[in-house]
1. Which of the residues that make up segment 305-360 are farther than 30 Å from SER100 by Cα and among the small types (Gly, Ala, Ser)?
2. What about ASP197, is it among the acidic types (Asp, Glu) and out of contact with any strand residue (DSSP E or B) (no Cβ under 8 Å at 6 or more places or on another chain)?
3. Exactly one condition in (1) modelled with pLDDT under 95; (2) within 21 Å of THR219 (Cα to Cα); (3) of a type in the set (Ser, Thr, Tyr); (4) crowded, with 16+ Cβ neighbours inside 10 Å is false for THR304; which is it?
4. Which residue is nearest to PHE320 (Cα to Cα), if the candidates are limited to segment 428-451 and must be open to solvent by less than 30 Å² (accessible area, probe 1.4 Å) and at pLDDT below 70?
5. Consider ASP128 against the criteria (1) surrounded by fewer than 18 Cβ atoms within 10 Å (Cβ to Cβ); (2) modelled with pLDDT under 90; (3) over 21 Å from VAL201 (Cβ atoms): it satisfies all of them except one. Which criterion is unmet?
6. For GLY279, which of the numbered conditions (1) modelled with pLDDT of 95 or more; (2) part of a strand (DSSP E or B); (3) open to solvent by 30 Å² or more (accessible area, probe 1.4 Å) fails to hold?
7. List pairs: first in segment 408-426 and on the phi < 0 side of the Ramachandran plot, second among the basic types (Lys, Arg), Cβ under 9 Å, 6+ apart or cross-chain?
8. From the list GLY117, GLY104, which residue is open to solvent by less than 50 Å² (accessible area, probe 1.4 Å), farther than 21 Å from GLY159 by Cα and at pLDDT below 55?
Amino acid sequence: MQFKYTKFAAILIASGIISLPITASANDSTELEELRNLVQELSQQVKVLARKGEIVEEDTAAAKKTTPVVKASAGGFSFASADGKNEIKFRGLLQADHRSYSEGANDVRNRTRDRAGLLNAEGFHDADDTSLLRRVRPTIEGKVADKYGFRFTPEFAGGSASAVDAYVEANLNPAFKIRAGKQKSIVGLERLQGGGDIKFVERSYVTNAILPNRDLGVTISGDLFGNKLNYGVGIVNGVADGGNISTGTEYNGEREYTARLFATPFVDSTSALAGLGFGVGATYTNFTGEQNLNFTDTAAADATRNGLPSYVTNGQQTFFRYGANTIADGKRFRVSPQASYYNGPFGLITEYARVNQDVSLIGNVAGTTTNTLLPYLPGTKKQLSHDAWQVAATYLITGEDASFRGVKPKNDFDLDKGGWGAWELVARYSEINLDSDTFKNRLGAYAGENLATTTNNSAYADGSKSAKSAHSWTAGVNWYLNSNAKIALNYEQTSFDGGAISGNGQTGAAGDAGRSIRDRPDERALLARFQVAF
């Protein structure tokens, strides 16, 4: 701006000087003086205009330094300070699901007859088709002074409200980050995928059955060696397998220690190994469960105060429960080797998880009150080992690059312009296997949980009510209409080992009272989802 005004002034002055001889020859000295004065006046006005331009530029630059930045994009909505060091973001995830079962069982046998109603010949209700909201999660997250942040995500699905994530964090350095509050467990690979980024309608047995979901505590993590090695360590309250802790206080007093290492050594290369990552996660605690599960008389806590889980299928039907008199009683150790690979449109995740859990049986004593500790049955303390694994492959037939996160279509779905979004084929095999000792009494014989019959016949789980293993095949397709909207369709088929009473004279392992055990009916389910995330 200043250059333009200065150049204009120079032209005017030069014009006056050049024309001087001509003017002198045609006019007298008075006219020449007036012309000189006019040129000087014009020069002064040009300088004033140039300075005004400079002031406008300075004011504009100063305003940019203080004006908040408002953004609205496919990644959410945000308000940020002009320097970007302070920001608040609004995001959301909504998933509307439908589950349809051509075959499957809804196990309500642990309920009273008045609650369970009439059961079929195998002792089950048929699994019912249903529509539901799987996730309804608005999110508020932000940062202050560039290094300190927070995240709060409530969950409104399931008929009640709860806090999914609620934590504060300090990003002091890429190699050193601290997070405190309720957060995802750092242990599992698939668990670390966002709820809107998972490739299947439901996560695998590794993630949903064995490894912890969310916990409350402090974790430290970071990236080393140019983002080639990620580490994480934590001290948390501890949850049962697949557990999601409440935001209440921890009741047991024993902490759980978590750790994970994950390497991507070729991330900066151009080779086919650039998308390879592998690592291992683990947890450890020494935990004694709560005997008194009468929640009217005990402090509020989550639903697994005995320290033991139940397991569900990919169709979300319970197929395993510990017996009512089984309790966590000692060390719990989990380990999970894991790997992922992405190359062009192809993606692969594989994980294994194993949990070693000390358990004991407690006995029934007539006349005891809810505030009385029940006796541990001698000789029943045992370490049970359960494991699960999965292999999941994905392929984008429309040519987009596969990734651990979401997919951005090359062409968004648009009927007017002819775009059809991105299409992804998915397939997975996942299984879970429970320790055979889970279904044996302390004498080593297979037994049910009928403590009323004889304490020698007590097992940690009843093989006629809980399956020893579940094996699931999943195939499906994901349609990404754009980077925010997705439609997913999965077909799940699951077979079981045990978990039902023989109703036609079949032979099998003897349960309590001489019952015969047979395999629970297969589950065949079609799972559909429409998702919007931003």
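The values are calculated or read from the model by the stated rules, or taken from the named source; none is laboratory data. Everything numeric here is computed off the predicted structure, so don't read it as measured data. Reconstructed Cβ throughout: ideal geometry from the backbone, glycine too, with neighbour counts over all protein chains shown. Accessible surface is based on the protein model in full, side chains and every heavy atom, while ligands, DNA and RNA are left aside. Shrake-Rupley method; radii C 1.70, N 1.55, O 1.52, S 1.80 Å.
1. GLY307, ALA324, ALA328, GLY330, SER336, ALA339, SER340, GLY344, SER360
2. Judged against the criteria, ASP197 is a match.
3. Answer for THR304: the failing condition is (2).
4. Only one residue tops the list, namely GLY448.
5. Among (1) surrounded by fewer than 18 Cβ atoms within 10 Å (Cβ to Cβ); (2) modelled with pLDDT under 90; (3) over 21 Å from VAL201 (Cβ atoms), ASP128 violates only (3).
6. For GLY279, the failing item is (3).
7. ASN411/LYS417; GLY419/LYS410; ALA422/LYS408; ALA422/LYS410; GLU424/LYS199; VAL426/LYS199
8. Answer to the selection: GLY117.
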